[in-house]
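S.K.: Below you'll find the structure I mean.
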Amino acid sequence: MGNRKRKRFVILIEDDFEILGNGLGNVAYQQYLPALFLMNTAEEFGTKITFMVDVAHQLALSRYQQNNPNLRIQKNLWDETVRMMKERGFDVQLHIHSQWIEPVYEDGHFKLNRNWNIGCCKPSEQKQILSDSVKYLKCILKPIDPDYRVIAFKAGAWGLQPSFPLLQELSNVGIRIVMGVRDNFRVPNASIDYTGLEEKYLPYQPLLTDITKVALERNDLVVIPLQPYAPDLLTLLRMSCRVAVNKIRYKNRLPYYHEQPIPEQARKMSPFAWSNGFRFSIRPYLTHLKIGNQPFFYLKASFDAVLRRLRAYDLERIPIVIESHTKQYHNVYGEIKRFIGYIAERYEAEVEFKDMTSYLKEIDEDPDLVTVRK
């Protein structure tokens, strides 16, 4: 491992750079402005960011832009924003929401298919969307960085099942790092079930036939699980109150830049059979480490809890993925900036920020940092 500086925790902030999953939204509002904020914040605190960009959406914009000035402007703004990420030294990797495969654009809206899980796509569809997406990213970014490679993939809606042939197709296009799995995450109507996850917290090499299982021998793929988090009752109650207040304080602004009326199909479209919001039940509320529209006290509590748990592991390098959704940043910019600064300053002696490309180099230098079944 040479003279590489060692710290215990490798912080990998990955941002899902996308508009709303139901096809609503605008590149300027959901993507460009909050991504610009995140880049500025990262530079201020000296942190790394990997932007996982939803290329399936961009391919749809490219397809329908010719006779639509609005879509053309959004397509061009997307391209320029992603180029700026690379020009400013940030990592750019692949995110795909499969509901954007073969969309229809009519009456000012995209009508998407209802398959949120790329694992449920036909093998030919998987192969085509992955190939087209990697080709697109290389086309716009290799002129800036001739050494650019697409090496990391974040599954849209966290869906990576059935795992075969999906994992093999990811490997075929050069993907090495895969994200989306989380312990006890289950969405039956989207064919997602990670309740049998063998390795819950540490990076591992998966069976190509079942992403929940650790491989018997080394292969080309590394899965980095999302870190589960269950807030205590007080934190959950405070967060629920904040969500309720914000729904009153900040009304939905989509009608101001979307043609009317918004289709009911789009309003209700979700990979979940239930609301994405908080629900109270006998079971604890389980989520994962993420940045979106949460207040600082919640972000702090979640990171502190995950770090306390991982300190129990006697390992010198433990990656912690923090999932970010810049599309949710509006109205909480100050709280997010405070949180990133909190990690960088409070845990300076324990953490090191990396992006996916630099982390891949680290695990290639030392394969023992990744778990395989003994």
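The values are calculated or read from the model by the stated rules, or taken from the named source; none is laboratory data. Every value quoted in this text rests on a predicted model; they were computed, and no experiment measured them. Backbone-built Cβ (ideal geometry, glycine too); neighbour counts: all protein chains shown.
S.K.: If you go through region 79-98 one residue at a time, how many are of a type in the set (Ser, Thr, Tyr) and farther than 23 Å from residue 158 by Cβ?
M.R.: Qualifying residue count for the region: 1.
S.K.: Could you check how many residues of region 142-196 are under 24 Å from residue 79 (Cβ atoms) and of a type in the set (Phe, Trp, Tyr)?
M.R.: Final tally of qualifying residues: 2.
S.K.: I want to confirm something. Restricting to region 346-374 and keeping residues that are touching a helix residue (DSSP H, G or I) at 6+ places or on another chain (Cβ under 8 Å) and in a helix (DSSP H, G or I), which single residue is surrounded by the fewest Cβ atoms within 10 Å (Cβ to Cβ)?
M.R.: Here the answer is 362.
S.K.: Also, quick follow-up: Residue 262: modelled with pLDDT of 90 or more, outside any helix (DSSP H, G or I) and within 25 Å of residue 22 (Cα to Cα), yes or no?
M.R.: In short, no.
S.K.: Which of the residues spanning region 129-156 are under 27 Å from residue 188 (Cβ atoms) and of a type outside the set (Lys, Arg)?
M.R.: Scanning region 129-156 gives 129, 130, 153, 155, 156.
S.K.: Can you work out which of the residues in region 301-332 that are in contact with a helix residue (DSSP H, G or I) (Cβ under 6 Å, 6 or more places away or on another chain) and either among the hydroxyl-bearing types (Ser, Thr, Tyr) or outside any strand (DSSP E or B) (or both) is surrounded by the most Cβ atoms within 10 Å (Cβ to Cβ)?
M.R.: Filtering region 301-332 for residues that are in contact with a helix residue (DSSP H, G or I) (Cβ under 6 Å, 6 or more places away or on another chain) and either among the hydroxyl-bearing types (Ser, Thr, Tyr) or outside any strand (DSSP E or B) (or both), the one surrounded by the most Cβ atoms within 10 Å (Cβ to Cβ) comes out as 326.
S.K.: Something else: Can you tell me which residues in region 92-116 are in contact with a Gly (Cβ under 7 Å, 6 or more places away or on another chain), within 19 Å of residue 173 (Cα to Cα) and not in a helix (DSSP H, G or I)?
M.R.: If the condition is that a residue be in contact with a Gly (Cβ under 7 Å, 6 or more places away or on another chain), within 19 Å of residue 173 (Cα to Cα) and not in a helix (DSSP H, G or I), then 95, 96, 97 are the ones that fit.
S.K.: Moving on. For region 179-202, check the following and say yes or no: at least one residue is out of contact with any strand residue (DSSP E or B) (no Cβ under 8 Å at 6 or more places or on another chain), acidic (Asp, Glu) and crowded, with 19+ Cβ neighbours inside 10 Å.
M.R.: No; the residues of region 179-202 include none that is out of contact with any strand residue (DSSP E or B) (no Cβ under 8 Å at 6 or more places or on another chain), acidic (Asp, Glu) and crowded, with 19+ Cβ neighbours inside 10 Å.
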